[in-house]
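Comments concern the structure below.
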Amino acid sequence: MGIFDFLTGEFIDVIHWVDDTRDTMVWRFEREGHEIKYGAKLTVREGQAAVFVHEGQLADVFTPGLYMLETNNMPIMTTLQHWDHGFQSPFKSEIYFVSTTRFTDQKWGTKNPIICRDPEFGPVRLRAYGTYAVRVTDPARFLVEIVGTDGEFTMDEIGFQIRNIIVQEFSRVVAASGIPVLDMAANTADLGKLVASAISETVAGYGLTIPELYIENISLPPAVEAALDKRTSMGIAGDLGKFTQYSAAEAMTAAAQNPTGGGMAAGLGAGMGLAMAQQMARPGP
């Protein structure tokens, strides 16, 4: 019996990964002794990539599709195994499945306040939080730079590092933007785009991209918020004279339209309101 007849009669390996979690980024296909039969069937689903590691060396990367593991579609593995001079079955390799879908609704936030200089209030401390999405775009680089030999790598293991990168760049972007704190709420979308652009090069070095980054809230310290509330109240008080004049004019109009029903009292009230308005509008000594 020839070698090909022998392989045909052997049970064909079926290598695939069905993910039933929401946070698994990398999963290693487990086989005793890491033995994979030559001619095994590899299924890579949409939203996945399969990375072969042979004797500690990164080998072939497979995108979605159905493959028979043979020399014609494993060029790097063929070179590493010297299959141009013959092959052995089974061969020993590790297979890592990498999820390339978006991991959405990831949280980020400032652990400590960020100090920046506001043109109106001077130095202020800001806090911010939001969400982001992350996606593996270079499975080989992600495996080498981040995962290593971890057999099951989850989003939690890289989330802390990404949050630190976001907060660092957010601090720099806010400090350099020159946007007054009172206008930041209206500019969160633009600030989010600036932060995403600023961190893109760093996360690309991990084999990742941040397709979405949102700033949900930027808040001030309680003392500054109290000062803003006081300033708002003072602004209302400053317009009290105009409000009183308007009320007096309304009362006079109502009295003119109803001369019989208590017109004298309404006129007296209007006169008193007008006098009060004139008194408040008069500059003090």
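The values are calculated or read from the model by the stated rules, or taken from the named source; none is laboratory data. What you are looking at is a predicted structure, and each value in this text was computed from that prediction instead of being measured. Don't worry about glycine lacking a Cβ; one is built from the backbone with ideal geometry, like all the others, and counts go over all protein chains shown. Remember, those area values only see protein heavy atoms, side chains included, never the ligands or the DNA or RNA. Shrake-Rupley method; radii C 1.70, N 1.55, O 1.52, S 1.80 Å.
Among the residues of region 84-99, is there at least one that is among the charged types (D, E, K, R) and either within 26 Å of the chain's Cα centre (by Cα) or not in a strand (DSSP E or B) (or both)? Yes, the conditions are met somewhere in region 84-99.
Exactly one residue out of PHE142, PHE170, PHE153 is of a type in the set (A, V, I, L, M, F, W, C), open to solvent by less than 30 Å² (accessible area, probe 1.4 Å) and in contact with a Gly (Cβ under 6 Å, 6 or more places away or on another chain), and it is PHE142. The residue pairs whose first member lies in region 36-63 and is closer than 10 Å to SER93 by Cα and in a strand (DSSP E or B), whose second member is among the polar types (S, T, N, Q) and open to solvent by less than 30 Å² (accessible area, probe 1.4 Å), and whose beta carbons are closer than 8 Å, counting only pairs six or more residues apart or on different chains, are ILE36/SER93; PHE52/SER93; VAL53/SER93; HIS54/SER93; ALA59/SER93.
For first residues located in region 101-119 and closer than 15 Å to THR24 by Cα, partners that are surrounded by 14 or more Cβ atoms within 10 Å (Cβ to Cβ) and hydrophobic (A, V, I, L, M, F, W, C) and lie 6+ apart or on another chain with Cβ distances below 6 Å form the pairs ARG102/ALA133; PHE103/VAL134; PHE103/MET155; THR104/ALA133.
Note on region 14-46: residues that are open to solvent by 20 Å² or more (accessible area, probe 1.4 Å) and of a type outside the set (Phe, Trp, Tyr) amount to 20. GLY207 passes every criterion in (1) on the phi > 0 side of the Ramachandran plot; (2) modelled with pLDDT under 90 apart from (2).
So which residues in region 162-183 are in a helix (DSSP H, G or I) and in contact (Cβ under 8 Å) with a residue 40 or more places away in the chain, if there are any at all? Outline the logic, then answer.
The first filter runs over region 162-183 and keeps only residues in a helix (DSSP H, G or I), leaving 162-177, 181-183.
Listed by number, the residues that qualify are ILE162, ARG163, ILE166, VAL167, PHE170, SER171, VAL174, ALA175, VAL181, LEU182.
The number of residues in region 184-222 that are under 16 Å from ARG125 (Cβ atoms), touching a residue at least 12 places away in the same chain (Cβ under 8 Å) and in a helix (DSSP H, G or I) comes to 1. The set of residues in region 64-83 that are in contact (Cβ under 8 Å) with a residue 12 or more places away in the chain and in a loop (DSSP other than H, G, I, E, B) comprises PRO64, LEU69, GLU70, MET74.
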